[in-house]
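As structure tokens, the structure follows; a few thoughts come after it.
A short reminder: the numbers here are calculations on the coordinates, not readings from a lab. Since we're looking at a predicted model, the values are computed, not measured. For neighbour counting, all protein chains shown are included, and Cβ atoms are generated from backbone atoms with ideal geometry for every residue, glycine included.
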Amino acid sequence: MSDKRISDAMENALNAQMMQEAEQAQVYLALGIWAETHNYDGLADFLYKHSTEERNHMFKFLEYINQRGGEAKIEAIPAPTDKPKDVTDCIDTVWKHEVQNSKAIYALTDMALAEKDWPTFNFMQYFVKEQIEEENLISDLRDKLSLATKEKTGNANLYSFDRDLNNAPQDSEIALQKTLGG
């Protein structure tokens, strides 16, 4: 008697997404290497950490497939071909990969809904939320890079100004005390 609690189609789709997460990890790793060899240590660290995060996502899919009675299947991961020409191109490549991954996550979520596979639908909610966060993070990086890049704004100091404001204290005890009558 089989204890498989996902359809064959869902098992195949989850396995495909698991391998896409593994491929994403490799892309981030390759981009991290590029950044490090071009002396962008902060960017390299960011990309290396995201490589690890994508690998962790791969394991979440692997564990879920096996827990639902399916079988996770590891296939070959294509070698990353992304060779950015500069930091902007690197960040744009990350953006494209995240948008592509979001579409795949949403398709899996739609599939779970159509199959009325509520455990998988629930499992996918983690990744839906994760992709919203990732897209927001990368979009913010693109905006910050635009501020920091002279050729795009004509004033690279806007980036430093924005960073300083982000770290500035946002409350004033004196004003607060006056408001409260203290």
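Structure data summary
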| quantity | calculated |
| --- | --- |
| Long-range tail of P(r) for region 8-149 (Cα pairs > 17 Å, %) | 61 |
| When each of Lys4/Lys96; Lys83/Lys144; Lys96/Lys129; Lys85/Lys129 is checked by Cα-Cα distance, pairs over 26 Å | Lys4/Lys96; Lys85/Lys129 |
| Neighbour-limited loop hits for GluC sites (Glu not before Pro), region 1-80 (at most 14 other Cβ within 10 Å; DSSP other than H, G, I, E, B) | Glu71, Glu75 |
| Ranked Phe121, Phe127, criterion: other C-beta atoms within 10 Å, fewest first | Phe121, Phe127 |
| Amide hydrogen neighbours beyond the local backbone of Arg5, cut-off 5 Å, H modeled | Gly69, Gly70 |
| Trypsin sites (Lys or Arg not before Pro) restricted to DSSP loop in region 1-65 with at most 16 other C-beta within 10 Å | Lys4, Arg5 |
